[in-house]
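Step one of this worksheet: look at the structure below.
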Amino acid sequence: MSQSYLDAVVHSSRPAMPLSGRAEQALPFTVRVVSGRSALMKAVQIRQAAYGRHLPEFAQTLAAPEALDLRPGVAVLLAESKLDGAPLGTMRIQTNRFQPLALEQSITLPSSLACRPLAEAARLGVTEQRVGRMVKTVLFKAFFQYCQQAGIEWMVIAGRAPIDRQYERLLFDDVYPEAGYIPLRHAGNLLHRVMSFEVGSAEERWAAASHPLYDFIFRTVHPDIMLDASCEASHSLPMPGMRLASANFADSMRLDKLAA
């Protein structure tokens, strides 16, 4: 996600801004939480294809849905073409409501994060077509909105070089700046940087930084991002209509830690 691309998203594809300060923009694809095996297999298809371009050996392990895809507190996002329904991108979101994040198999999170409501994004993959760049940006927005709606306080990711630079530009910070890259068990022991992003302060921080995607994320409505509860694939994490307050989520997590 180069800086020139970020600028292009804002200046060439952004709709005119009405006086209300929020525009509505249609996309050539939809993004939703998978529901049912056929949609999940589409996500698996684009996931494996994307990993196959850079990590062919690891991609061979991704031919079928992973056990984590089906667990409570997990949502798999799928971007599909409006033209023909082809899968264009995917991302898996796991919260720590029901079990530790996958990356916690390899790293102990600091106390400032460990007892807070977290969500980890993983298994990001997009088409190699030109639209893939836009799909990646919209999947990030969907991840962010999912966290807002579910009462998540911190987004957590693990990025390998050079993908980690993309998250730096999105204002993610290193969880352990001195640690550098560490091997992750759930990612084939490949080296990754573990980074975090505070949800509640995001708009203020992006505005202060004059971030090129500020309007796209915060001042543009994308109806094609559909994260309603009816699309959730037998997962237990609340979505719109079943919103879980962040404070209640945090309190329940502290009780869980004490009971462990």
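The values are calculated or read from the model by the stated rules, or taken from the named source; none is laboratory data. All values reported here derive from a predicted model rather than from experimental measurement. Please note that ligands, DNA and RNA were not included when accessible areas were found on the heavy atoms of the full protein model with its side chains. Shrake-Rupley method; radii C 1.70, N 1.55, O 1.52, S 1.80 Å.
Counting only protein heavy atoms and a probe of 1.4 Å, the accessible surface of region 114-166 is 47% carbon and sulfur. Solvent-accessible area per residue in region 92-196 equals 40 Å², computed with a 1.4 angstrom probe and all protein chains kept. If you take the Cα centroid of region 202-228 and the Cα centroid of region 44-73, the two points sit 28 Å apart.
When nucleic acids and ligands are ignored and a 1.4 Å probe is applied, Ile217 ends up with an accessible area of around 10 Å².
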